[in-house]
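K.L.:
Here it is, the structure, as structure tokens.
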Amino acid sequence: MTFATAGIACPTMHSSSQDRITLAHGEGGRQSRRLIAEVILPALNPADQHLTEDAACLPQPTGPIAFTTDSFVVSPIFFPAGDIGSLSVFGTTNDLAVAGAVPLWMSLALVLEEGLPMSILSRVLASVGRAAREVGVRVVTGDTKVVPKGMADGLYINTAAVGLIRPPVPAGPTALAVGDELILSGPIARHGVAVLAAREQLGILPEPTSDCGSLLPGVEALRRRSIPVRAIRDATRGGVSAVLHEWARDCRLSLSINELSIPVADETRGVCELLGLDPLHVANEGTMVIAVAPGAGEAAVAALQELPQHRQAALCGVVQVRQLASVVVQRGLGRAIPLDEPQGAPLPRIC
């Protein structure tokens, strides 16, 4: 009896192994070493040869640190204005940015599906490298696993990152007070709509594009201007609505926003109207919600608008005394109605 007749697939070399990921690339042998040395390391940072060790030896930070972890399973892997590679870097480091930290080091773990074209992996890794250099984070350790065909939808990424806390750090949503002003750093719902349009091949023109990008420059602009920030959060899964509901729960006050003040791109609004989606519930990957002290909203918006990615930042709401509804939105006709909290995922696999 041979392995073939027994139905056992051994991770052996094939003539196509240079073009596609095989099980042998995840077995720790020659093919694994070649994948790391010839594909992964050159794309990230060829100077970091210690990436081949089991752990990275890092200098001790001179102050408190923030630590975060994330996983990325977006479908499709490539979408307008982004891909799973840049998304993994920006999504992870944005969590540090809104926590008041400057990213230092990051880990990158790849789960690759057997048969994934090597050209796709190279393209994703190049995107990881560019994004990491943009935000100033070093990928210092990682892992690679290969799973049989049909078990990973091409490519999944897991990350973790460490950042150095830079004061002043926002006190957080429990510090929100009546009269505090609410700001959006740019047009909302772009990422979720862009991924949906690409996945379903909607053929919308102009094509919706993701806001996938770094929030570090925006956070730094607020710090540089000494804006009295109460709380700050990136509005990812669940969108702006999820952030507002979490904040209202923590501060035990009500948050009110004005629909007419909320920036939404025309192509995003069109897709949402077509599919019956509320932009306030749709995910973002480069847009944040900011709460500042009373009277500081205009200065905060002006600071953000000096940056290209935040030119449409807008003052959109206020914190009020507790009402029957924890979050309310003033719709176009001026009537304030409760804003529902997201109950599920209208757009799965967006990050």
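The values are calculated or read from the model by the stated rules, or taken from the named source; none is laboratory data. Keep in mind that this is a model prediction, so the values were computed, not measured. Note that each Cβ is placed from the backbone with ideal geometry, even for glycine, and that neighbours are counted across all protein chains shown.
K.L.:
Based on what the data block shows, is A221 under 29 Å from C251 (Cα atoms), touching a helix residue (DSSP H, G or I) at 6+ places or on another chain (Cβ under 6 Å) and surrounded by fewer than 22 Cβ atoms within 10 Å (Cβ to Cβ)?
P.N.:
The answer is yes for A221.
K.L.:
Answer yes or no as to whether R133 is within 24 Å of T287 (Cβ to Cβ) and in the same structural domain as I84 (by TED's automatic domain parsing).
P.N.:
Yes, satisfied.
K.L.:
Looking at region 183-198, can you tell me whether even one residue there is out of contact with any helix residue (DSSP H, G or I) (no Cβ under 9 Å at 6 or more places or on another chain) and loosely packed, with under 15 Cβ neighbours inside 10 Å?
P.N.:
No, the conditions are met nowhere in region 183-198.
K.L.:
Please state which one of L96, L87 is at pLDDT 95 or above, within 16 Å of I120 (Cα to Cα) and in a helix (DSSP H, G or I).
P.N.:
When all the criteria are applied, what remains is L87.
K.L.:
Now for a separate question. Could you list, in sequence order, all residues of region 298-327 that are surrounded by fewer than 24 Cβ atoms within 10 Å (Cβ to Cβ), within 27 Å of V193 (Cβ to Cβ) and either in contact with a Cys (Cβ under 6 Å, 6 or more places away or on another chain) or not hydrophobic (A, V, I, L, M, F, W, C) (or both)?
P.N.:
Selection gives Q305, E306, P308, Q309, R311, Q312, S326.
K.L.:
Output the residue which, of all residues in region 107-146 that are free of Cβ contacts under 8 Å to residues at least 60 places away in the same chain and of a type in the set (V, I, T), is farthest from C212 (Cα to Cα).
P.N.:
In this case the residue turns out to be V111.
K.L.:
Sticking with this structure for a sec: Please go through (1) small (G, A, S); (2) at pLDDT 95 or above; (3) not in a helix (DSSP H, G or I) for G203 and return the number of the only condition it doesn't satisfy.
P.N.:
With respect to (1) small (G, A, S); (2) at pLDDT 95 or above; (3) not in a helix (DSSP H, G or I), G203 is out only on (2).
K.L.:
A follow-up question, please. From the residues in region 131-147 that are among the β-branched types (V, I, T) and under 16 Å from the mean Cα position of the chain (by Cα), which one is farthest from S86 (Cα to Cα)?
P.N.:
Filtering region 131-147 for residues that are among the β-branched types (V, I, T) and under 16 Å from the mean Cα position of the chain (by Cα), the one farthest from S86 (Cα to Cα) comes out as V137.
K.L.:
Additional query: Being within 17 Å of R190 (Cβ to Cβ) and part of a strand (DSSP E or B) is the filter here, so list the residues in region 311-327 that pass it.
P.N.:
First pass over region 311-327, keeping only residues within 17 Å of R190 (Cβ to Cβ): 311-314, 316.
Selection gives A314, C316.
K.L.:
Could you grab me the full set of residues in region 282-310 that are under 23 Å from the mean Cα position of the chain (by Cα) and assigned to a loop (DSSP other than H, G, I, E, B)?
P.N.:
V282, A283, N284, E285, G286, T287, E306, L307
K.L.:
Another one. Does region 328-351 hold any residues that are assigned to a strand (DSSP E or B) and either under 24 Å from the mean Cα position of the chain (by Cα) or surrounded by fewer than 20 Cβ atoms within 10 Å (Cβ to Cβ) (or both), and which are they?
P.N.:
Q330, A336, I337, P338
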